[in-house]
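Since the structure comes first, as structure tokens, the remarks are kept for the end.
The values are calculated or read from the model by the stated rules, or taken from the named source; none is laboratory data. What you see is a predicted model, and the numbers here were worked out from it, not measured in a lab. So basically every Cβ, Gly included, is an ideal-geometry build from the backbone, and we count neighbours across all protein chains shown. Only protein heavy atoms, including side chains, enter the accessible area calculation; ligands, DNA and RNA are left aside. Shrake-Rupley method; radii C 1.70, N 1.55, O 1.52, S 1.80 Å.
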Amino acid sequence: MAEAVYTQIAEDLRAMIAAGELRPGDDVPTEAELAERWHTSRGPVRNALAALRGEGLIETGRGRPARVVARKASQAVDVSVPFTRWARELGVTPGARTQELSLRRAGDLAPALGVDREDTIVSVVRLRLLDGRPTMLERLAYTEEVGRQLFDVDLDAVSITEYLGSVGHPIVTLQHVIDAVAADEQDASLLRVPRGTPILRLTRTSRDADGRIFEASEDRYLSEVVRFTVAASGISTDGHFMRAVGA
């Protein structure tokens, strides 16, 4: 009976969140209020709140009521899905605001692209949005041959990955590296966060069919909006390591 009550409480709260009756930042009714409403003890109430916390719908803290949180968009990093397609699969509208498209010397980016420091590369900086909300700042660098293709298209209206693939430069293999950095001045301005805010950084190196690097990118995501996930095939024979599917 107690299990049925906690399930009903959890379903009731989920429905309130989905309907917008409880919005991100709102306090959830207290344990005492929920217990009174459902004519039950606090045990089933705590189980219901624990279930919602596990689903990422609420957060709890000592000494304060449970609070509704904004659900994070999950992005798998063991596969390559362009931001535009990923957003549409989430059921939200992707957006882009190009900040820079330029030809420049490779400089410090030379090792990442496998070119000389004095070689010309193409640099792109774009702010990416989900339903109009700033979500990610991408800094992209391309070898000159590939990058020059981008001057022929409106970068605010296309997926760069899909466009380059359509003109003969598909990504055949890639490598992702994930870490966290503090928001710099540009991040803070465009993502609308204080300077120094923790940012999730996804660094990508993309290669063509011949194994040549043609793109080196750095995507900086708001950690409050996005989380990264990795699918794994299982535990290795030594019991310590997991291999990402498709890696």
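Of all the accessible heavy-atom surface of the stretch 37-167, with the other protein chains kept in place and a 1.4 Å probe, what percent is carbon and sulfur? Intermediate results must be reported in sequence, preceding the final value.
Values: 3000 of 6770 Å².
Carbon and sulfur atoms account for 44 percent of the accessible area of the stretch 37-167.
For a test of the definition: using alpha carbon positions, the gyration tensor, and the 1.5 limit on a/c, classify the stretch 78-234 as rounded, prolate or oblate. Provide the component values of the computation, followed by the final result.
Details: a/c = 1.38, a/b = 1.26, b/c = 1.10.
Since a/c stays below 1.5, the shape of the stretch 78-234 is classed as rounded.
Considering only DSSP states other than H, G, I, E and B, which trypsin sites (Lys or Arg not before Pro) in the stretch 109-157 qualify as loop sites with at most 11 other Cβ atoms within 10 Å? Numbers along the way, then the final one.
Working: sites: R117, R126, R128, R139, R148; in loops: R117.
Of the trypsin sites (Lys or Arg not before Pro), the ones in loops of the stretch 109-157 whose Cβ has at most 11 other Cβ atoms within 10 Å are R117.
Please compute, for the alpha-carbon atoms of the stretch 117-203, the extent along each of the three principal axes and give them in descending order in Å.
39, 32, 25
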